[in-house]
Amino acid sequence: MLLEVFLVLGTLLIYFFFSKKNEETLPFKDGWWGRGQKPVTKEDSSIRPFKLETAEEELSDLFRRLDQARFTEPLENSCFHYGTNSVHLRKVVSYWKNQFNWKKQVEVLNKYPQFKTKIQGIDIHFVHVKPPHLPEGQAAKPLLMVHGWPGSFYEFYKIIPLLTDPASHGLGDEHIFEVICPSIPGYGFSEAPHKQDFNSVSAASVFYELMLRLGFNEFYTQGGDAGWLICTNLAQIAPSHVKGLHLNMVMVSKLGLSHLLSILLGQYFPGLFGFQDEDVRRMFPFLKKWLYKILSESGYAHIQSTKPDTVGCGLNDSPVGLAAYILEKFSSWTDMEFQNLEDGGLERKFSLDDLLTNIMIYWVSGCIVSSMRFYKENLQKGIGTQKHEKLTVQVPTGIAAFPNEILHIPQAWAKKKYTNIVSFHFMPRGGHFAALEEPELLAKDILQFVDKVEKEQLWKKKGE
């Protein structure tokens with residue numbers, strides 16, 4: 001009997017220890033990323049309007065480089081299996097030189113209000129769009145949307161009107177958003193950090209400070225790719241300020257015994273591991289749909305998490321090289337089957353204008369090297385070693401699982417990290433760049449998630 005008592009007490013102590021540990025918040029990272037030493041004077045916290053402008057000299061230099069590009073003949077019938085096919089790349093470059101109107105796209109980019117503000121020593125660029133009109137007595141809900149690599153704030157241009165003016169797009173007016181889309185430091189028109197160790201926690205801390213500076217004490221967050229990790233970290237840093245976390249991509253960095261067993265047996269006993277039929281379809285056979293995918297699609301990540309500056313120097317010097325590097329991701333990550341096509345299926349989901357606008361943001365800002373460094377800062381210490389990877393997320397979470405995302409994470413795995421998943425949906429179509437590819441599907445999922453959080457007041461029940 002005494003042994004049983006000790007066992008019960010021991011179990012309770014272990015449970016108490018680990019449950020308290022998991023409720024920890026992630027420390028805010030108050031860094032200084034500007035040049036030189038941090039000044040003793042208070043940082044300028046003013047918010048300045050920003051408008052994109054490109055000088056004629058920059059465009060002349062671009063066209064000169066495009067004219068002088070050297071192309072390598074692809075292997076016969078190789079399509080996009082070896083990367084961007086240069087036969088199709090020639091066509092893209094020809095369109096870029098002769099038909100693409102960058103000045104017109106600059107007007108598109110400038111149609112939404114943009115700003116810059118200095119945070120932790122560097123200029124942070126962001127798009128800030130308020131609703132064109134609000135029903136009487138209704139307030140807009142602040143929504144922070146964070147892009148990833150090799151995307152940019154432009155990914156959200158098609159979804160912004162669906163969220164700031166949903167009624168005009170047949171989505172009702174119960175929830176109307178005020179959307180803030182910052183550029184990750186080192187991406188687009190946000191200044192690159194001048195010091196080492198600027199990782200996802202650093203970015204989350206900067207964006208948290210941005211939202212407070214804009215006057216938002218409570219807000220929603222949404223992200224995929226690097227935005228997934230930054231928004232997750234933000235929810236860990238400030239759970240009392242983040243009302244809800246919506247993600248269109250999730251990953252797990254810690255695989256335990258239960259994961260291993262579900263990999264081995266989940267295909268045959270899905271219910272035993274909490275898998276749904278769609279989980280099984282997307283995950284198995286595991287070697288083909290997970291392991292081989294990781295091996296075939298992670299080469300870029302190994303480069304960028306070890307020696308980003310080496311390949312980055314070449315990409316920063318060659319617009320054609322930059323386009324080849326980025327376009328391949330918009331092909332494979334939209335649908336892996338597009339690798340079987342000579343044109344990579346690029347224009348099946350995107351227009352060349354949209355693809356080239358994103359590339360031009362990298363080119364005119366010269367940010368490709370600093371954007372790639374973000375991988376090294378996040379991965380150089382190893383996977384599963386950082387504090388944020390060991391902490392759970394208690395904030396109400398919604399997950400939109402798109403079928404052509406590179407890797408599928410089932411809810412049964414995700415809920416070990418995100419302990420308060422209130423919405424998990426298998427999306428009918430779409431891939432990695434959801435906001436650009438399927439803006440209406442993503443907007444609807446965000447709206448239903450926020451509706452559930454608001455009606456059930458779930459943000460007030462965090463930690464209960």
Worksheet entry | Members of the stretch 70-92 found to be under 21 Å from GLU347 (Cα atoms) and either in contact with a strand residue (DSSP E or B) (Cβ under 9 Å, 6 or more places away or on another chain) or modelled with pLDDT under 95 (or both), listed by number | none
Worksheet, complete the sentence: Taking the stretch 209-222 and keeping residues surrounded by fewer than 24 Cβ atoms within 10 Å (Cβ to Cβ) and either under 16 Å from the mean Cα position of the chain (by Cα) or not in a helix (DSSP H, G or I) (or both) leaves LEU214, GLY215, PHE216, ASN217, GLU218, PHE219
Worksheet item: Of the numbered conditions (1) over 19 Å from the mean Cα position of the chain (by Cα); (2) not in a loop (DSSP other than H, G, I, E, B); (3) not acidic (Asp, Glu), PHE275 satisfies every one except a single condition; which is it?
Response: (2)
Discussion item. All but one of (1) in contact (Cβ under 8 Å) with a residue 60 or more places away in the chain; (2) of a type outside the set (A, V, I, L, M); (3) in contact with a helix residue (DSSP H, G or I) (Cβ under 8 Å, 6 or more places away or on another chain); (4) on the phi < 0 side of the Ramachandran plot hold for LYS195; state the number of the condition that does not hold.
Written reply: (3)
Discussion item. Suppose we keep only residues that are out of contact with any Phe, Trp or Tyr (no Cβ under 7 Å at 6 or more places or on another chain), in contact (Cβ under 8 Å) with a residue 24 or more places away in the chain and part of a loop (DSSP other than H, G, I, E, B) within the stretch 72-89. Which one would you say is surrounded by the fewest Cβ atoms within 10 Å (Cβ to Cβ)?
Written reply: HIS81
Worksheet item: Inside the stretch 31-69, can you point out the residues that are more than 30 Å from the chain's Cα centre (by Cα), open to solvent by 100 Å² or more (accessible area, probe 1.4 Å) and modelled with pLDDT of 95 or more?
Response: GLU57, ARG64, ASP67, GLN68
Discussion item. I need every pair where a residue in the stretch 231-244 that is touching a residue at least 60 places away in the same chain (Cβ under 8 Å) and open to solvent by less than 10 Å² (accessible area, probe 1.4 Å) has its Cβ under 6 Å from the Cβ of a residue that is part of a helix (DSSP H, G or I) and among the β-branched types (Val, Ile, Thr), sequence separation at least 6 or different chains.
Written reply: ASN233/VAL201; GLY244/VAL453
Practice prompt. Can you work out which of the residues in the stretch 330-368 that are surrounded by fewer than 19 Cβ atoms within 10 Å (Cβ to Cβ) and assigned to a helix (DSSP H, G or I) is farthest from the chain's Cα centre (by Cα)?
Written response: ASN340
Fill in: Residues of the stretch 183-213 that turn out to be aliphatic (A, V, I, L, M) and closer than 12 Å to VAL146 by Cβ, as a count
6
Fill in: Exclusive hit being hydrophobic (A, V, I, L, M, F, W, C) and under 13 Å from the mean Cα position of the chain (by Cα), set LEU229, LEU261
LEU229
Item to complete: Output the number of residues of the stretch 254-308 satisfying the condition of being of a type in the set (Val, Ile, Thr), open to solvent by 50 Å² or more (accessible area, probe 1.4 Å) and either modelled with pLDDT under 95 or farther than 27 Å from LYS390 by Cα (or both).
Response: 1
Response to the item:
Sole miss for ILE421 among (1) farther than 30 Å from ASP354 by Cα; (2) buried (at least 22 other Cβ atoms within 10 Å of the Cβ) is condition (2)
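The values are calculated or read from the model by the stated rules, or taken from the named source; none is laboratory data. None of the values given here were measured: they were computed from a predicted structure. FYI the Cβ positions are ideal-geometry reconstructions off the backbone, even for glycines, and counts take in every protein chain you see. Areas reflect the complete protein model, heavy atoms only, side chains present, ligands, DNA and RNA absent. Shrake-Rupley method; radii C 1.70, N 1.55, O 1.52, S 1.80 Å.
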